[in-house]
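Note sheet for the following structure.
The values are calculated or read from the model by the stated rules, or taken from the named source; none is laboratory data. Model, not experiment: these values are computed from the prediction. Virtual Cβ from ideal backbone geometry, glycine too; neighbours counted across all protein chains shown. Accessible surface is based on the protein model in full, side chains and every heavy atom, while ligands, DNA and RNA are left aside. Shrake-Rupley method; radii C 1.70, N 1.55, O 1.52, S 1.80 Å.
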Amino acid sequence: MIGRILWITALLGVAGITTALQFDRQADTTPSIAPLVPTPMRGYAQTGIAIAALEANNPAAALAAAEELVRRRPMPAEHLTLLATAQAKAGKAEAAGFTVQMAAQRGWREPVAQETVLRLALGAGDKAEAARRYAALFRRDATPDALLIDLGPQVLGEPKGPARETFAGIIAGATRWHEMFLQRGARVLPTDAFSEVVAEAMARNAQFECDPLKRAVESLRQRDAAAAQQLAATVAGQCP
């Protein structure tokens, strides 16, 4: 009899844990139920708790919730970005700056962190670092072209500068998105910067396909005939 009671109790405990975990996962898409998840079981729900505290303009609660979130689930860069936001609202600017840099280094797909570090790098005069963060934003399909167009002159405006050299090095070493770079770059980068970056990447042995290169020249020609002519001369050496 005692064994049966223990067995039933164990089954009830498992059922309770399973229900809590289901609520936790549901909180990822329905943040309003996050408070219903028992504190020890909060994973996804902890994100909702932190966001709710930020939206309620409760810096102390938001900071505590974000710190707990990062303690429980330290890997996602988005969680570090949330912590940085909470730190900034709590008046911990130095800690927020350090955290957002960690977020940007950990996840290139985390756009808020990348843009924040990019702007910090520009403010500090570190164009090479700004170019690395610009490249991270550039690679994301979801990054609006308008943002890239706006940031492009600030990051890549200096001819033969460290930002263009850094960006060209990234392109030369990233063979899997050459075609995407040519298509999007001709559309959003400053025209002279695009021409120079392509030439520099080719000088670093980037192996662009000829058809995308030629299409990039024609796309660029619609924006800047002089830059397109310069790029065409470079392309002719690889694609007669």
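Structure data summary
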read-out	value
Residue tally, condition touching a residue at least 12 places away in the same chain (Cβ under 8 Å), in a helix (DSSP H, G or I) and within 22 Å of V117 (Cβ to Cβ), over segment 60-90	18
Those residues of segment 110-125 which are assigned to a helix (DSSP H, G or I) and either crowded, with 18+ Cβ neighbours inside 10 Å or among the aromatic types (F, W, Y) (or both), in sequence order	P111, A113, Q114, E115, T116, V117, L118, A121, L122
Flag for R106 being at pLDDT below 90, open to solvent by 70 Å² or more (accessible area, probe 1.4 Å) and in contact with a Pro (Cβ under 9 Å, 6 or more places away or on another chain)	yes
Scan of segment 213-240 for residues that are modelled with pLDDT under 90, exposed (fewer than 14 other Cβ atoms within 10 Å of the Cβ) and not in a helix (DSSP H, G or I), ordered by number	P240
